[in-house]
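Below: one structure, written as structure tokens.
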Amino acid sequence: MDDKKPFADGAIIALTADTGIGRLTIARPEKRNALTDAMWRALPAAIAWLVKTRAMRVIVIEGAGGRDFSAGADIGEFETLRKDAGTARAYETANSAAFAAIRTCPVPVIAAIRGICFGGGFGLAAAADLRLADTSARFAIPAARLGLAYPPDAVQDLVRALGDQQARRALYTAGELSAAEALACGCLLSVSDADRLDAEVDALAARMAAAAPLSVRASKAAISAGPAPQSRDRADRLAAATFDSEDYAEGRRAFMEKRAPAFSGR
């Protein structure tokens, strides 16, 4: 099942594995993995390919080059693609679609963060379910330094990730947070030494991929359910469906037989 598919002329790379762990790499290391408009637009399709076409059970998002997660949007495009309110709305529609693709992805998304995680890059990480970093990670939202504002949906992701007070500080001052500060406010699940991050991420992703997929999807839907009745109804339907699944029967058998279950996602 191992397969690789490039998007946005290879600046976004989706990779599958027999383990059920998909990887999405922001592959522009010469620009600190800054995202072009084409890359923003490609992200939803890349995620859909991993989940719907290749049935990955977990997705790991990372930056190429082993140095930075992402510097955010490529400011070099702003003079044409984000020069005023009209063009900014069109540009940010693609941004919001990328954030939403991560936020609403039916399977867990893990952000593996090294180095710079700024602006829209931080927005991608904030939309993920879990964030793990190494000690080099640095976080910032430079909107107040550039004189622009971020889409409200991205701001809400940042509030959920950082907490109200740290999100306000980050947005109002454009100041940086260290990995230790991000860990302290609950933005990060863990901080590792540089040579341990991949192992930490792989171990966590493997545990998720080995769990019952329908159960994990139902849990994610329940965690994400908002006040709208349709989102709660969807979470209820996914939870109820687990009890009629083959995986539930397999889980019961495995427990009685004192063995590890082999879940199929059916």
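Each reported figure results from applying straightforward, stated rules to the coordinates on display, with no laboratory input. All values derive from a computational prediction rather than experimental measurement. For neighbour counting, all protein chains shown are included, and Cβ atoms are generated from backbone atoms with ideal geometry for every residue, glycine included.
How tilted is helix 152-162 with respect to the longest principal axis of the chain? Cα atoms for both, answer in degrees (0 to 90, nearest 10). Relative to the chain, helix 152-162 is tipped by roughly 70 degrees. Relative to the dominant Cα principal axis of the chain, helix 85-103 is inclined by about 20°.
Each semi-axis of the equivalent ellipsoid for segment 71-145 is √(5λ) with λ an eigenvalue of the Cα gyration tensor; in descending order they amount to 24, 17, 8 Å.
Checking every one of the chymotrypsin sites (Phe, Trp or Tyr not before Pro) in segment 165-266 against DSSP loop status and a limit of 13 other Cβ atoms within 10 Å picks out Phe243.
Calculate how many DSSP beta bridges within the chain are antiparallel, expressed in % of all such bridges and rounded to the nearest 5. Restricted to the chain, the bridges split so that about 35 percent are antiparallel. The ellipsoid that matches the Cα gyration tensor of segment 3-209 has semi-axes, each √(5λ) in whole angstrom, of 24, 21, 15, with the longest given first. From helices alone, the chain scores -14000 deg cm²/dmol at 222 nm; the rule is -39500 (n - 2.57) for each run of n ≥ 4 DSSP H residues, then divide by the residue total. Of the cross-linked pairs Lys52/Lys220; Lys31/Lys83; Lys5/Lys52; Lys220/Lys258, those separated by over 23 Å at the C-alpha level are Lys220/Lys258.
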